[in-house]
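K.L.:
Have a look at this one before I ask anything.
Laboratory data are not the source of any read-out in this text; all were calculated from the coordinates shown. What you see is a predicted model; the values in this text were computed from it and never measured. FYI the Cβ positions are ideal-geometry reconstructions off the backbone, even for glycines, and counts take in every protein chain you see.
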Amino acid sequence: MLGPNLHSRDGFNYPGVIYAPLPILVSDNALLHSLQEKALADEGVHVMPFSALAQSCKTYEEYESRIAEADSPAIELVAIGLVGPKKLINKLTGNLALFK
């Protein structure tokens, strides 16, 4: 999904970007948890949750410690990444508005 690294005329490296469009959709914590649950039930979709907990930690070790002490429903999701066949992703997210 990533294109090759590119270089400006003066040799500055620009890492490759994704070929596919990456829409950002609007949702809230409750709906993100629901979407995550539905997506995890489908083996064709890869789910990557982004939590407020992770954003608040200074190190990965702190994140590891704090998440081990939390129950999943109590972890605030600020976003989730979904990767999979377009039809499956649209089925999960088709009713969400595009973030502007």
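K.L.:
Do we have Gly16 as touching a strand residue (DSSP E or B) at 6+ places or on another chain (Cβ under 6 Å), assigned to a loop (DSSP other than H, G, I, E, B) and farther than 22 Å from Thr93 by Cβ here?
P.N.:
Numbers: touching a strand residue (DSSP E or B) at 6+ places or on another chain (Cβ under 6 Å): yes; assigned to a loop (DSSP other than H, G, I, E, B): yes; farther than 22 Å from Thr93 by Cβ: yes.
So Gly16 passes the test.
K.L.:
Could you identify the single residue in Asp42, Asp10 that is under 18 Å from Thr93 (Cβ atoms) and in a loop (DSSP other than H, G, I, E, B)?
P.N.:
Working: Asp10 fails: under 18 Å from Thr93 (Cβ atoms).
Exactly one residue qualifies, and that residue is Asp42.
K.L.:
Here is a follow-up. Find all pairs meeting these conditions: Cβ atoms under 8 angstrom apart; at least six residues apart or on different chains; first residue within the range 16-27 and closer than 19 Å to Ala79 by Cα; second residue small (Gly, Ala, Ser) and loosely packed, with under 10 Cβ neighbours inside 10 Å.
P.N.:
Every condition considered, the pairs that remain are Leu25/Ala97; Val26/Ala97.
K.L.:
So, in the range 59-100, of the ones that are part of a loop (DSSP other than H, G, I, E, B) and of a type in the set (D, E, K, R), which residue ends up surrounded by the most Cβ atoms within 10 Å (Cβ to Cβ)? Step through it out loud before you land on a result.
P.N.:
Here is the first cut: in the range 59-100, the residues part of a loop (DSSP other than H, G, I, E, B) are 59, 69-71, 75-76, 84-85, 94-97, 99-100.
Now narrow it down to the ones that are of a type in the set (D, E, K, R): 69, 71, 76, 100.
On the way: Glu69: 6, Asp71: 6, Glu76: 13, Lys100: 5.
Selected residue: Glu76.
K.L.:
Looking only at the range 13-48, which residues are in contact with a Pro (Cβ under 8 Å, 6 or more places away or on another chain) and of a type in the set (S, T, N, Q)?
P.N.:
The one that is in contact with a Pro (Cβ under 8 Å, 6 or more places away or on another chain) and of a type in the set (S, T, N, Q): Gln36.
K.L.:
Show the residue pairs that are 6+ apart or on different chains and have beta-carbon atoms under 6 Å apart, the first residue being within the range 62-89 and under 19 Å from Leu32 (Cα atoms), the second being outside any helix (DSSP H, G or I) and of a type in the set (S, T, N, Q).
P.N.:
Taking only residues 6 or more apart or on different chains, the pairs are Ile75/Ser51; Leu77/Ser51.
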